[in-house]
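The structure under discussion appears below in the form of structure tokens.
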Amino acid sequence: MEQSEKKFVTPASILINAILVIGFFIYMFGVLKPHVPSTDPKMINLWAALTSACLSGTFWICIQMFRVVYRAQRAAKK
């Protein structure tokens, strides 16, 4: 017996997640720039970008976990 498996990752979901993560990165970069304790613009941009990258990675994991939990809750209702 062959079971049909649903495809959970689609190109549209990847695109939506990428847009959300890039938008979050840009937002956090703008928020973090004034908080870097330096006067050198290169160092300000570097550390704001590195910190934003870490936070964006965490945000991406949160998006993925939200999708998994939401999908499980929808399946449980059926």
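The values are calculated or read from the model by the stated rules, or taken from the named source; none is laboratory data. The model shown is predicted, which means the values in this text are computed figures rather than measured ones. We place every Cβ from the backbone using ideal geometry, glycine too, and count neighbours over all the protein chains shown.
A few notes on this one:
- For the range 32-40, the criterion of a residue being surrounded by fewer than 13 Cβ atoms within 10 Å (Cβ to Cβ), at pLDDT 95 or above and part of a helix (DSSP H, G or I) is satisfied by at least one position.
- Condition check for residue 51: under 12 Å from the mean Cα position of the chain (by Cα) and hydroxyl-bearing (Ser, Thr, Tyr): no
- Residues of the range 43-74 satisfying the condition of being under 17 Å from residue 22 (Cα atoms), of a type in the set (Gly, Ala, Ser) and without any contact (Cβ under 8 Å) to a residue 12 or more places away in the chain: 57
- Residues located in the range 50-78, provided they are in contact with a helix residue (DSSP H, G or I) (Cβ under 6 Å, 6 or more places away or on another chain) and closer than 26 Å to residue 13 by Cβ: 52, 55, 56, 59, 60, 63
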